[in-house]
Amino acid sequence: MVAQAEMGTHLKSKKAKGKIIMVLMVGGWLLLPSHVMSFCHEMEVVRARVFRAAAVNSAPVLVEWFGHSTFQITSSKGTRILTDPHVRDDLPWPQLPQHIVTTSHQHGPHSNLWMAKGNPVILEGLTRGGDNWRQVHMSIRDVSVYSVPAYHDKSQGLQRGKNAIFVFRVDDICIAHLGDLGHHLTPDQLKLLGKIDILLVPVAGGFYTVTASEAREVTRQVNPRIAIPEHYWWDGAVEEYIRGNPRVRKINSRTLKISKRDLPPPTEIVVLSWNVR
């Protein structure tokens, strides 16, 4: 009984410590200078209206799904971003060289850097070993990218560790890749995300990521113009995610081609087909 009590106290202490670390990490992000937090935030939206009101970008961005959490995002100038490269031989692999590769965490199906051809800039969301988040905030070629700290589970990382969300600004379209998000988003995380146009949201039964119903709630929290479900492998997952939403578009392709001016009002769900060659 004493040992069990000590173990319970130890777990509570670790959980409390995790919460404190999350507050400190997110607080550190929130204390960044305002110009640093402007890639996809309201300040930048206002600036765009004032200084670039007549320059609405009509160039298309390509969002291509390779299964699991792996996407290739291509800007109008040809800059390619590869997210969470998988390891599976039964899923398609990108054939073109990459300029940027991001990994939300170090689990094999999300960090197969060998997938990327060329000599890309590697942006890892966590430090080696996954103990801490890396603070990513930079511009590469014509793309801006930053990270938001999150967790792989609902207990501040005690079960499956940390996770990093990546946000990309590509041709004035803000795209958020949630990685293996395992929980609802906090107000601070939503503030860090900014105004998201396209949300790449995982659906995985609640063990590896949020459940379909939790994914619906996360989508509601973010309120993107477009939400694309991914990371699902069982019958009924997508149906559960889109349940009750009348604005669903299923595409017999693994690629969405979209420009800023063609974005729909919030929120349309676009279901891609990774197994279409």
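Descriptive notes on the structure:
- Of the set (1) in contact (Cβ under 8 Å) with a residue 60 or more places away in the chain; (2) within 19 Å of A212 (Cα to Cα), all apply to S259 but (2).
- In the range 111-142, the residues that are under 28 Å from R88 (Cα atoms) and of a type in the set (A, V, I, L, M, F, W, C): L113, W114, M115, A116, V121, I122, L123, L126, W133, V136
- Taking the criterion of being surrounded by fewer than 20 Cβ atoms within 10 Å (Cβ to Cβ) and either aliphatic (A, V, I, L, M) or touching a Leu at 6+ places or on another chain (Cβ under 8 Å) (or both), the residues of the range 124-137 that qualify are N132, R134, V136, H137.
- Residues of the range 213-244 satisfying the condition of being part of a helix (DSSP H, G or I), of a type in the set (S, T, N, Q) and at pLDDT 95 or above: T219, Q221
- Selection from the range 97-122 of residues that are of a type in the set (S, T, Y) and modelled with pLDDT under 80: S111
- Top-ranked residue of the range 172-204 - restricted to ones that are closer than 23 Å to R80 by Cα and assigned to a loop (DSSP other than H, G, I, E, B), ranked as farthest from the chain's Cα centre (by Cα): D172
- Considering the range 172-212, the residues that are hydroxyl-bearing (S, T, Y) and over 23 Å from L256 (Cβ atoms) include one that is modelled with the highest pLDDT, namely T186.
- Selection over the range 106-147 of residues that are closer than 22 Å to D172 by Cα and of a type in the set (D, E) gives a count of 1.
The values are calculated or read from the model by the stated rules, or taken from the named source; none is laboratory data. Fair warning: this is a prediction, and the values are worked out from it, not measured in the lab. When we count neighbours, we look across all protein chains shown, and the Cβ atoms used for this are built from the backbone with ideal geometry, even at glycine.
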